[in-house]
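Notes to accompany the following structure.
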Amino acid sequence: MAESPAADQELLRQLAKGNETAFTCLYERYQGPLFRFVLHMTGNRATAEEVTQEVFMLLIGKPKSYEADKGTVAGYLFGIARNVTRRIMQRSRLDLPIDDEAFNGHAEAALASDLDVLAELSNAELLEFLRKAVLALPEQYREVVALCDLEEMNYADAAAILECSPGTVASRLHRARAMLKTKLSWQKCTK
């Protein structure tokens, strides 16, 4: 995704003229980041594959629907992915939070325990706890974590995709990180 917005716009113009090489370039550039974004949002590889495919099918079907004055091609593609993901999640009810019942009654006792759970957890277990904690975040917070922390986007690019200000992205990210820290501390994954 290091290419310039102008280069992406030229590829899109070429795609609109039927240039298959232009499509291949755009696909190779954005398929991975889009797939990872959707995977982080849903936790489901099949959904991530489906959404990524749909984004590129929509791009092929309507390459002229992109408007340069509204943002970058990357922002346009992530915006499509975001909207398709939301639609699929609403339809399939994949947006269920982690069962907080385990946290509610036992959180205080678990935090007071002297047992060093961190020493017993493997990296795979820690990653699984983190993945579940991210998936349990409300959508607006999960989006900023996926874009800024996991996809390493800057606030301005994430703001363009999410159609909000960079300050809102920063605020949501701060809140999301605090929520993650709380959830992970309930599971004794942080100190």
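The values are calculated or read from the model by the stated rules, or taken from the named source; none is laboratory data. Because the structure is predicted, anything quoted here is derived from the model rather than measured. Neighbour counts are summed over all protein chains in view; Cβ atoms, including those assigned to glycine, are modelled from backbone coordinates with ideal geometry.
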Self-check item: Residue list for the range 57-72, restricted to those being surrounded by fewer than 19 Cβ atoms within 10 Å (Cβ to Cβ) and either aliphatic (A, V, I, L, M) or in contact (Cβ under 8 Å) with a residue 24 or more places away in the chain (or both)
Solution: M57, L58, I60, K64, A68, G71
Quiz item: Given E54, E49, which one is touching a residue at least 24 places away in the same chain (Cβ under 8 Å), in a helix (DSSP H, G or I), among the acidic types (D, E) and under 18 Å from R86 (Cβ atoms)?
Solution: E54
Quiz prompt | Matching residues in the range 129-160 - criterion: being loosely packed, with under 15 Cβ neighbours inside 10 Å, part of a helix (DSSP H, G or I) and more than 11 Å from the chain's Cα centre (by Cα) | solution = R131, A156
Quiz item: Does the range 75-82 include one or more residues that are surrounded by 15 or more Cβ atoms within 10 Å (Cβ to Cβ), among the basic types (K, R) and at pLDDT below 90?
Solution: no
Self-check item: Those residues of the range 26-55 which are of a type in the set (A, V, I, L, M, F, W, C) and surrounded by fewer than 19 Cβ atoms within 10 Å (Cβ to Cβ), in sequence order
Solution: F35, A46
